[in-house]
1. Residue under question is residue 82, and the condition is that it be more than 21 Å from residue 117 (Cα to Cα) and charged (D, E, K, R); does it hold?
2. Report, by residue number, each residue of region 136-160 that is of a type in the set (A, V, I, L, M, F, W, C) and either touching a Gly at 6+ places or on another chain (Cβ under 9 Å) or modelled with pLDDT under 95 (or both).
3. Quickly run through region 129-172 and pick out the residues that are part of a strand (DSSP E or B) and among the aliphatic types (A, V, I, L, M).
4. Could you run through region 99-116 and say how many residues are buried (at least 17 other Cβ atoms within 10 Å of the Cβ) and assigned to a loop (DSSP other than H, G, I, E, B)?
5. Take the residues in region 75-98 that are among the β-branched types (Val, Ile, Thr) and either in a loop (DSSP other than H, G, I, E, B) or modelled with pLDDT of 95 or more (or both), then tell me which one is nearest to the chain's Cα centre (by Cα).
6. Among all residue pairs at least 6 apart or on different chains, which show Cβ distances below 8 Å where the first residue, located in region 133-159, is closer than 12 Å to residue 102 by Cβ and the second is loosely packed, with under 15 Cβ neighbours inside 10 Å and among the hydroxyl-bearing types (Ser, Thr, Tyr)?
Amino acid sequence: MTAHIEARKKLKAYLSIGVLLKGLKIEGCMLIEVRWHGRGGQGAVTAAEILASAAALEGKWVQAFPSFGAERRGAPVQAYTRISEKLILDRSFIYEPDIVVVLDESLLNADRSNVLMGLKPNGKLVVNSSREPHVLANMLRFNGDVAAVDATSIAIEVLGVPIVNTAILGAVARIIDTPRKESIIEVMKKKFPPTVAEKNLKAFTIAYDRTIIGRL
């Protein structure tokens, strides 16, 4: 209980003032930068915050924020998550992410250069898509790991609406080491009312199981 309270205090403080990350390793310090691309109403900002909250539960320093003040439904949205073992001082947007998460596949056509901009050659790409990972990798000319899951179908099946954030988090959990799946689940249980949490956890679990990871 004490550890959970301390993690929540740390998260509350540093979601607002920020934390530092510049790659997977900096002077021996674990560092992960995640950039989220979606459309207003899909829950990209909430997903970024849930991931940060889960990492905070594990004692990491975190940061989560959108690229603007509020979501506009249907408009392109970016959000950012930083996770570090040390205090994060950098408050800038993420320009060289370790992981890019795409909540809306149409952005790969409409805004591809922006979506993939700066993604590290050894980085990871998570896409809401019914296509196979190697097909996406070939289409995007990306040589890193690609995790693909049809999060939209899962969201409609389980939630009844195409809000894909908790489903895409299932795919993220398959491809990221920190935070653990169990920590993400714990945060979701506390974030949503019981009946809402139950459905979102189901979407998360189905997506986790259905995610396919591959590369060229």
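The values are calculated or read from the model by the stated rules, or taken from the named source; none is laboratory data. These figures come from a predicted structure and were not determined experimentally. FYI the Cβ positions are ideal-geometry reconstructions off the backbone, even for glycines, and counts take in every protein chain you see.
1. Considered against the rule, which asks whether it is more than 21 Å from residue 117 (Cα to Cα) and charged (D, E, K, R), residue 82 comes out as no.
2. Within region 136-160, 136, 137, 139, 140, 142, 146, 147, 148, 149, 151, 154 meet the criteria.
3. Within region 129-172, 146, 147, 148, 149 meet the criteria.
4. 3
5. Per the criteria, the residue is 81.
6. Every condition considered, the pairs that remain are 148/130.
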